[in-house]
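Each remark here refers to the structure printed beneath this line.
The values are calculated or read from the model by the stated rules, or taken from the named source; none is laboratory data. Please read all numbers here as calculations on a predicted model, not as lab measurements. In this analysis, Cβ positions are derived from the backbone assuming ideal geometry, glycine residues included, and neighbour counts consider all displayed protein chains.
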Amino acid sequence: MSEVIRVEDLYKTYRMGDFEVPALRGINLRIEGGEFVAVMGSSGSGKSTFMNIIGCLDHPTSGKYFLESKEVGSLRPDEWAQIRNRRIGFVFQGFNLLARTTALENVELPLMYNGFTGKKRHERAVEVLSLVGLEARRDHTPTQLSGGQQQRVAIARALVNGPSLVLADEPTGNLDSTTSHEIMELFQRLNSEQNITIVLVTHESDIAEFASRRVVFRDGVVMSDEKTR
Amino acid sequence: MWFMTLRIALRALGRNKLRAFLTMLGIIIGVGAVIAMVAIGEGAKATIRSQIASLGTNVLIILPGFSTQGGVRTGSGGVNTLTDGDAKAIMQELPAVALASPTLRRNEQVVAGNLNWGTLTQGVAPELQQIRDWQIAQGRFIHDGDVDSAAKVALLGQTVVHQLFGNDDPIDAIIRIRNIPFRVVGVLGAKGQSSQGTDQDDTVMIPYSTMQKRLMRITHVHTIVVSAVSADRVPEAQDQITALLRQRHRIGPDRDDDFTIRNLSDIAAAASGSAQVMAVLLGSVASISLLVGGIGIMNIMLVSVTERTREIGIRMAVGARGRDIMLQFLVEALVMAATGGILGILLGVASSNILNQWAAWPTHISPDIVAIAFLFSGAVGIFFGFYPAKKAAALDPIEALRYE
């Protein structure tokens, strides 16, 4: 299995006026393809900062980030945008679907920015919606979908361009426990059947149980990193 | 890709149609106003231009007195210096001159039966018909015999016929001016409004000699109307007339002319020029409202960008580049401006047609102005949409996603 994520000596410091806030203090981490990693830590631990950097939304102050063996930590915003479009899929706690837009159109969004048109776009979007079991609801808007269904649409959107990496930030935070488990089972299925690498932030232990590896952040460093199955 | 961006933009605007419409209103009114204003100006110009044509571009008018505008010549009999002899000499002796007619004018009450009507009475020579291009609707014009005998004959303009005779035939009827009976020998063709706004059909024409001897008891004339051989020989004719009159009136080389020569098409051109200035002025003022419309678009787009911060963050997270976001918002602004432009054009055309029908103002829509107004509204959309679009594109995705 090839590596998907490798960070070397990653530092991130925020400057707030006269203060310097060290959010990450020398992270060294390696995630192989096909892993299902749960990232945990209290707020201020640096886990969100870490996710922003590996999601190509922010650049490190120093250190290197290799995505699929290519150094991407210091690329330009436009190049990052392309990476976010094709190689990474995001799933958010608040679902972040476009309002008054159908499930199908939401899923099509990354395809539009990838230059897909008309029929091809439509077919691909329907394909991933079926993968998450929501093909029948493709014309529903977010207000017509339950929380769990919205999150599944969001997951379909994250997968539509065929990325190797999915980053999920507290994806079950807004869901009840039954639905949360359904979503986590979906992630497991995608991980084992489609071999998609998943890095998932959570603060709940029972959610973290679904993953196969647990990385705990504290005060900007990795405090523990253990395989859980 | 363009089509997709357009669809995204239309969808976004469609989500709040009322707001989009209110934003467009500035452009709609601005473009509508520009088109209507320019149409009015163009209509005025066209009217004047057709009146210049009807006046004849080779017509000169000689007035007694100095050339100061509106100034009254006082002193040694300046007002009485033109005579019909001058007119004859001008016509016969000057090569650049085709025809000349002495004229007199005075407002008189004209009586027919038990009706009377105040009208401009003009004493004229037969040449005037050709010089001023008067058509004859019935009967005949004044001829030389009438002048020689100071005959009491008259031609009536259309308005006078209508007022005094209704639908009856006025030929051979008797009208009275200052209680002197005149026989109607002809009816003038219609001419309509002059460029100064007077009704040219509200007139009675009689031989100038009759006017001099029987109505006014004078021997001079008020003006001499001259037609040059051709339009480009008008300056030459003007020079020749000046030389001749100075000689006839025995004006020494160190003294001013005791007459003024006016070129009728100069007057009309001046009127046309001021109509042009008016059109440009009105158009400029209307264009200002277009700018205000643009500011309205910028305002609403800034609000829209702020409201949709989250949405922008989502788009960036799934791979929209700065330029994709910028293009999206620019297209939204452009669509609003262009739609406003089209609606404004419709409004402008409708307004100028209404003015045409109901207020009888002449209007003329030029396709150039329509195209310019449309392009201008597009440019306003791009220009005023640029800053908000740039702001949207410059958002940080992490911050944008956090935005409530």
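List of remarks:
- Among residues of segment B:318-336 that are within 29 Å of B:G30 (Cα to Cα) and more than 7 Å from chain A (Cβ to nearest Cβ), those with a beta-carbon under 7 Å from a residue that is in a helix (DSSP H, G or I) and hydroxyl-bearing (S, T, Y) at least six positions away or on a different chain give the pairs B:L327/B:T5; B:Q328/B:T5; B:V331/B:T5; B:M336/B:T23.
- Among the residues listed as A:A168, A:A154, A:A208, the single one being more than 14 Å from chain B (Cβ to nearest Cβ) and touching a strand residue (DSSP E or B) at 6+ places or on another chain (Cβ under 6 Å): A:A208
- Residue count, segment A:56-87 (criterion: more than 8 Å from every other protein chain (Cβ to nearest Cβ) and touching a helix residue (DSSP H, G or I) at 6+ places or on another chain (Cβ under 8 Å)): 8
- Across segment B:128-147, the number of residues qualifying as farther than 29 Å from B:V234 by Cα and among the charged types (D, E, K, R) comes to 2.
- All of (1) in a helix (DSSP H, G or I); (2) at pLDDT below 85 hold for B:T74 with one exception: (1).
- As for segment B:202-211, it holds no residue that is within 21 Å of B:I62 (Cβ to Cβ) and modelled with pLDDT under 90.
- Filtered residue count, segment B:11-51, keeping only those that are at pLDDT below 85 and either more than 23 Å from B:S287 (Cα to Cα) or not in a helix (DSSP H, G or I) (or both): 11
- Selected residue [more than 30 Å from A:M51 (Cα to Cα), surrounded by 22 or more Cβ atoms within 10 Å (Cβ to Cβ) and β-branched (V, I, T)] from B:V331, B:V349, B:V370, B:V318: B:V331
- Members of segment B:219-255 that are surrounded by 12 or more Cβ atoms within 10 Å (Cβ to Cβ) and either closer than 15 Å to B:N80 by Cα or of a type in the set (D, E) (or both): B:H220, B:V221, B:H222, B:T223, B:I224, B:E236, B:D239, B:L245, B:R246, B:R248, B:H249, B:I251
- Criterion (in contact with a strand residue (DSSP E or B) (Cβ under 6 Å, 6 or more places away or on another chain), modelled with pLDDT under 95, farther than 20 Å from A:V216 by Cβ and acidic (D, E)) met by exactly one of A:E3, A:E79: A:E3
- Residues satisfying the stated conditions in segment A:143-161, i.e. within 13 Å of the chain's Cα centre (by Cα) and surrounded by fewer than 24 Cβ atoms within 10 Å (Cβ to Cβ): A:L159
- Considering only residues in segment A:71-125 that are of a type in the set (F, W, Y) and in contact (Cβ under 8 Å) with a residue 60 or more places away in the chain, the one that is nearest to A:V4 (Cα to Cα) turns out to be A:F90.
- The set of residues in segment A:88-128 that are among the basic types (K, R), facing chain B (nearest Cβ under 10 Å) and either surrounded by 17 or more Cβ atoms within 10 Å (Cβ to Cβ) or closer than 19 Å to A:A168 by Cβ (or both) contains only A:R121.
- Considering segment B:149-218, the qualifying strands (runs of 3 or more DSSP E), each wholly inside and each with 1 or more residues that are surrounded by fewer than 19 Cβ atoms within 10 Å (Cβ to Cβ), run over B:174-177, B:180-188.
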